[in-house]
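Peer 1: The structure under discussion is supplied below as structure tokens; questions concerning it will follow.
The values are calculated or read from the model by the stated rules, or taken from the named source; none is laboratory data. Computed from a prediction, not measured in an experiment: that's the story for all the values here. FYI the Cβ positions are ideal-geometry reconstructions off the backbone, even for glycines, and counts take in every protein chain you see. Each accessible area value is taken on the protein alone, full model and side chains, heavy atoms only, with ligands, DNA and RNA left out. Shrake-Rupley method; radii C 1.70, N 1.55, O 1.52, S 1.80 Å.
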Amino acid sequence: MARISWRSFMLGCYGQPKKMTQQVSSFPRLALSDLSRPTGMLSPEDLSTTLVGSNLHVFTLAELKAVTQGFSPGNFLGKGGFGPVYKGFVDEKVKPGLKAQPVAVKLLDLEGAQGHKEWLAEVIFLGQLRHEHLVKLIGYCFEHEHRLLVYEFMTRGSLENHLFKRNSTALPWSTRLNIAIGAAKGLAFLHGIEKPVIYRDFKASNILLDSDYQAKLSDFGLAKYGPEGDDTHVSTSRVMGTQGYAAPEYIMTGHLTAKSDVYSFGVVLLELLTGRRSVDKNRPMREQNLVEWARPCLSGRRKLRRIMDPGLDGEYSVQGAQMAAAMAYQCLSKKPKSRPLMSAVVVTLELLLELNDAPIEPFVYVAPAVKESSGEEESMGSAVKDHHHGGFRRGVRSRKVGIHHERASPVDHHSRRINARID
Ligand SMILES: Nc1ncnc2c1ncn2[C@@H]1O[C@H](COP(=O)(O)OP(=O)(O)OP(=O)(O)O)[C@@H](O)[C@H]1O
Ligand SMILES: [Mg+2]
């Protein structure tokens, strides 16, 4: 199977676009194995020729300005490392054949740390990969120095906003589980295709939610094709990702494998269980790093109850939480080989949907906490149905649906990017 490198893609842009043999969808798939070349050679015409068959729409800056009402503050959805994101609306009048729909338009911040490379990775990966748990890229704009991306609009925004933002409604347990399953399916798809893709930036802010809280992965700016042939890993000269989510061995060595994504998945699973951020500088020192703080508590029922998100109000399957915690523990294994495959994670998490052993009694506040017996916790394998909620609540809470809980962090965080050269 021919693999076209970024280099040959760039050079190919000046001659005939290369024909590739691998067909993932209905058109030849490009590879992007070397992003180190200068990118100035690529012309917009070359890119749109090469991506013919991807059904991506090519927009002008003026069109995207019009659909977002001039990138007005009223349409502003948020801002990440790439730049600001605005809501817009497109239809046939903007481009013939374009379905009438709301969109999210991401605009490259020309002063920012990201650039053409990340934009192009997004266009090439998301333009070619289609899956129900990947956000759909509708099109792009490539005009002079301007780089924009147009996505399907994800009504409920990012998982990060739901889990951590002040005044957000606490997500119920079953929703958290479905989100974990959807995101796991997205990763399992990337790892399982003929030419596997390592996502490299799995985190709560890159998991977007549609109106039904279905999870979809966005942001392929750091994605890479997996190792080929006998290679065990992809060597990266620059460690990229986000602090608190990136796998320790990847940070240390720059060696990237699909198991790096599995580690990051484990971190997000912990965030879903605990309602805490992977890194939270507003907490006491020993609680700032979620993995370090939570890991010792993942293997016992009583310890686990201590770290579960108080926003859940005890309304979760005890057995399901134990099994999810055990899964997180495996994903966070220091040895990459001990981490499960994402396909196995999906199978296990789907089983948990069947469990409904949440406490069913009416809410009673029981004043804090009976002292835990001297460290003897039940083992992970000894899950039993438990209808007793044990009084481990952190405060009086209303059970009304839709009540707004104060989320843990008083300030608006922005996760710290890793961008370090390996010497
Ligand atoms: N397709 C979309 N639909 C709806 N909202 C979106 C969409 N894409 C992004 N957003 C919103 O825009 C904001 C910024 O997203 P973006 O992906 O640029 O940054 P981020 O994920 O917060 O940070 P990072 O640059 O580290 O990935 C987020 O709050 C997200 O909720
Ligand atoms: Mg993002």
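Peer 1: Once each part is reduced to its C-alpha centroid, what is the distance from the stretch 46-120 to the stretch 179-208 in angstrom?
Peer 2: 23
Peer 1: Let me ask something else about it. Along the positive direction of the dipole of the stretch 32-152 (beta-carbon charges: Lys, Arg +1; Asp, Glu -1; about the Cα centre), which of Phe142, Ala104, Pro44 reaches farthest?
Peer 2: Farthest towards the positive end: Ala104.
Peer 1: Longer than 32 Å from Cα to Cα, which of Lys87/Lys334; Lys117/Lys259; Lys165/Lys303; Lys95/Lys259 are they? Say none if no pair is.
Peer 2: Lys87/Lys334; Lys95/Lys259
Peer 1: Of Ile307, Ile251, which has the most accessible area with a 1.4 Å probe, and how do the rest follow in descending order? Present the calculation step by step, with values, prior to reporting the outcome.
Peer 2: Working: Ile307 5, Ile251 75 Å².
Largest accessible area first, the residues go Ile251, Ile307.
Peer 1: Right, here's the next one. What figure, in Å² to the nearest 10, do you get for the accessible area of His133 with a 1.4 Å probe and non-protein molecules left out?
Peer 2: 10
Peer 1: Would you calculate the separation in nanometres between label points at Asp210 and Leu351, each defined as 7 Å from the Cα along the Cα-to-beta-carbon direction?
Peer 2: Inter-label distance under the simple model: 2.9 nm.
Peer 1: May I ask which of Lys224/Lys281; Lys106/Lys216; Lys79/Lys99 have a Cα-Cα span longer than 19 Å here?
Peer 2: Lys224/Lys281; Lys79/Lys99
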